[in-house]
Amino acid sequence: MNPDAATLWRAPRWALAVLLACLGMLGPFSIDTYLPAFSGIATSLGATPLQMQQTLSAYLLGFAVMNLFHGALSDSFGRRPVVLIGVAAFTVASAGCALADDIGTLVFWRAVQGMSAGAGIVVSRAVIRDMFPPADAQKVMSQVTIYFGVAPAIAPIIGGWLFVHADWHAIFWFLTAVGALLFAANWRLLPETLHDTARQPFNVGHLMRGYWQLGASARFLTLALASGIPFNGMFLYVLSAPVFLGEHLALGPTEFFWFFVLTIAGIMGGAWLSGRLAGRIKPRHQIRHGFVIMLVVSLLNVGLNLLLEPSAWWALWPIAGFAFGWALMVPVVTLLVLDLAPERRGMASSLQMFIGSAANAIVAGMIAPLVMHSTVALALTSLAMLGVGLGAWLWVKPRLPA
């Protein structure tokens with residue numbers, strides 16, 4: 001923790017949480033806002049479905065790769081410069097997407113968007129731990145999760161409205177405006193939270209040693225798995241939403257919002273309770289409560305899918321319950337990850353995000369297409385994702401410092 005933290009931010013704690021949550025929103029806004037315009041962009045640019053898919057793949061690849069470096073760079077050059085450069089690059093890339101007149105140009109600028117969008121969410125975690133002791137950091141992390149949960153709900157609505165009432169270019173001009181506003185807000189408000197004595201020397205050898213030390217740490221890797229893999233038990237249903245909601249549950253496109261509303265409500269509710277419990281119960285007990293909730297809900301989900309025909313009246317609630325349990329425990333696990341390497345919190349945040357992003361990409365590209373056509377397979381796969389995270393936590397728990 002920065003010894004000068006008390007003088008760096010004098011506004012209310014929730015105001016810093018809002019600022020950091022807005023940085024984290026760049027990621028989901030970059031994906032969810034333009035999805036409603038997929039077909040319109042393809043028609044306008046004469047692109048094939050495969051070429052349009054590359055606009056998403058290029059973004060995700062850039063996002064995953066740069067997640068390895070945002071935090072490490074912030075350990076050397078400071079949190080504030082990395083955030084500002086990342087937001088500036090995102091703003092330029094969004095304008096590049098808006099001006100693109102062929103699919104190749106759009107794919108290029110989408111890759112740049114992905115490379116820059118992760119700076120906010122990665123560095124914001126390190127900022128929180130720079131500024132607050134563990135219990136207060138958990139409260140702020142929970143507040144960030146609550147505010148962050150709004151983005152996936154409103155982004156498709158904004159994107160769809162802009163596409164219908166203007167055209168697809170307006171979506172990327174909107175993202176350009178968001179980037180410009182965030183840059184101005186962070187230029188004005190975000191303090192440098194990395195203390196001078198905590199800066200790491202910037203050279204390739206030092207960075208590689210840092211990556212090797214964290215990557216070779218079984219405690220670090222298992223904690224990262226404990227937070228990142230269970231998320232896919234819920235994310236699997238998001239990836240499978242067109243088939244799960246449209247075919248299995250027979251919901252119309254105008255009824256899909258119920259799934260997202262309930263899931264996001266679960267995330268926000270779990271994050272709110274996580275903040276309320278900070279400092280009141282032991283962090284390990286809170287993690288246990290989150291895993292117990294996810295396990296009970298997952299077993300119930302499997303049982304219901306084995307016994308009942310798929311129906312929206314019961315099938316959406318277990319996913320929301322799973323989201324609640326995940327959001328209850330993940331702020332605590334994230335702080336444990338950062339505290340395993342207090343001198344390299346930025347790098348730890350980067351590696352944690354990279355592991356999570358890689359897992360998301362594997363589930364999106366390989367696992368979801370294999371299981372989405374069966375509700376039983378979806379439920380069992382979700383349970384298996386939880387099992388990986390739970391096993392990782394049970395292994396690492398006795399090996400953590402008291």
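Looking at this structure, is F172 closer than 19 Å to I31 by Cα and assigned to a helix (DSSP H, G or I)? Write out each step before concluding.
Numbers: closer than 19 Å to I31 by Cα: yes; assigned to a helix (DSSP H, G or I): yes.
Considered against the rule, which asks whether it is closer than 19 Å to I31 by Cα and assigned to a helix (DSSP H, G or I), F172 comes out as yes.
Quick one: count up the residues across region 248-263 that are surrounded by fewer than 22 Cβ atoms within 10 Å (Cβ to Cβ), modelled with pLDDT of 85 or more and assigned to a helix (DSSP H, G or I). Break it down stepwise before answering.
Taking region 248-263 and keeping what is surrounded by fewer than 22 Cβ atoms within 10 Å (Cβ to Cβ), we get 248-262.
Filter again for modelled with pLDDT of 85 or more, leaving 248-250, 262.
Narrowing further to those that are assigned to a helix (DSSP H, G or I): 248, 262.
Here the count works out to 2.
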>> Just to check your reading of the model, which residue among A117, A98, A89 is part of a helix (DSSP H, G or I) and over 28 Å from A198 (Cα atoms)?
In response: A98
>> I need the helices (runs of 4 or more DSSP H) fully contained in region 299-402, keeping only those with at least 2 residues that are without any contact (Cβ under 8 Å) to a residue 40 or more places away in the chain and among the hydrophobic types (A, V, I, L, M, F, W, C).
In response: 312-315, 375-396
>> I want to confirm something. Restricting to region 74-90 and keeping residues that are surrounded by 24 or more Cβ atoms within 10 Å (Cβ to Cβ) and within 20 Å of the chain's Cα centre (by Cα), which single residue is modelled with the lowest pLDDT?
In response: S74
> Any idea how many residues of region 128-159 are over 22 Å from L8 (Cα atoms), of a type in the set (A, V, I, L, M, F, W, C) and touching a residue at least 24 places away in the same chain (Cβ under 8 Å)?
Replying inline: 7
>> Tell me whether region 34-45 contains one or more residues that are part of a helix (DSSP H, G or I) and either under 21 Å from the mean Cα position of the chain (by Cα) or basic (K, R) (or both).
In response: yes
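The values are calculated or read from the model by the stated rules, or taken from the named source; none is laboratory data. A quick note: this is a predicted structure, and the numbers were derived from the prediction, not measured. Quick reminder, even Gly has a Cβ in these numbers, built from the backbone with ideal geometry, and neighbours come from all protein chains shown.
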